[in-house]
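To keep things clear, I will list the structure first and then write my remarks on it.
Rule-based calculations on the coordinates, nothing more; no lab input. These numbers come from a predicted model, not from an experiment. Methodologically, a virtual Cβ is constructed for each residue, glycine included, from the backbone with ideal geometry; neighbour enumeration extends over all protein chains shown.
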Amino acid sequence: MAASLKKFIQEIAGKKAPGPSTTFTVFHVFYALELLSQKPLGRNKLAKELNVGDGAVRTIISRLRSADLIETSKEGCNLTKKGLETWRQFEQVFPKRVEIPASELSQSEFNFAFLVKNSGNKVKSGIDQRDAAIIAGARKALIAVFKDGHLRIESVSDCIEKLYPKAATQILKELMPEDNDVIILAGADSALRAKRGAFAASWALIGA
């Protein structure tokens, strides 16, 4: 399911339009669906939340509507039945997405964590995921796998709880991982960049 979701969303984000190159990414499609799953939003409010210009938000809305993921009305943009189903697929792959206070594990001003279900076997060194996070605007990213009841970070420790008990306890409480789940924690100088970095690293992992 994750691979087919990835292909579908990348097709929406990657369509080439005439004129200037697009100024949005797969993250903006994901985040638009997340915002619209909570309540309808008008174009201006959506642009502000996504931190994109008027031209980009028009294109995002147009592509989501063409894919039958949203409909527009006087209230603004609403998810369609297909849009809601697509968002539920995202929630199955990334069931927990939370802002995390700074800690000894991630000392950036803003830190955001994603839980990626049942993907620990796909994590090798974690370098590909960290690179994706940094390209997306994060300052740093940590890739932890929950295995045999412990958080493990490649080349750091097989039991993060021993090295960083306070930070690990906080992460485990917020994200509640199960065996073979991955926790991706990205830090940045803004909340949006931290979330975008965590998403980018998570996105690099699914369907890999």
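With the dipole of the chain worked out from charges on the C-beta (+1 for Lys and Arg, -1 for Asp and Glu) around the Cα centre, which of ASN44, LEU151, ALA198 lies farthest toward the positive end?
Farthest towards the positive pole: ASN44.
Which residue, ALA56, ALA138, ALA186, has the most motion in a Gaussian network model of the chain that connects Cα atoms within less than 10 Å?
ALA56
How high is the relative contact order of the chain? Use alpha-carbon pairs under 8 Å, at least six apart in sequence, and give a whole percent.
RCO, the chain: 22 percent.
Which of [x] 108, 39, 39; [y] 53, 33, 29; [z] 69, 43, 29 is the computed Cα extents along the principal axes in Å for the structure on display?
[y]
So how strong a dipole does the chain carry about its Cα centre when Lys and Arg Cβ are +1 and Asp and Glu Cβ are -1, to the nearest 20 debye?
660
Of SER73, SER62, SER108, which has the largest mean-square fluctuation in a 10 Å C-alpha GNM of the chain?
With Cα springs under 10 Å in the chain, the top fluctuation among SER73, SER62, SER108 is at SER73.
Pairs of Cα atoms under 8 Å, at least six residues apart: use those to get the relative contact order of the range 94-205, whole percent.
40
Over the chain, with a Gaussian network built from C-alpha contacts below 10 Å, which listed residue (SER66, SER155, SER37) shows the highest mean-square fluctuation?
Greatest mean-square fluctuation among the candidates belongs to SER155.
Lys pairs in the range 1-136, Cα-Cα under 17 Å, at least 8 apart or on separate chains: how many?
For the range 1-136, the number of qualifying lysine pairs is 13.
Considering only DSSP states other than H, G, I, E and B, which GluC sites (Glu not before Pro) in the range 134-180 qualify as loop sites with at most 12 other Cβ atoms within 10 Å?
Those satisfying the criteria are GLU178.
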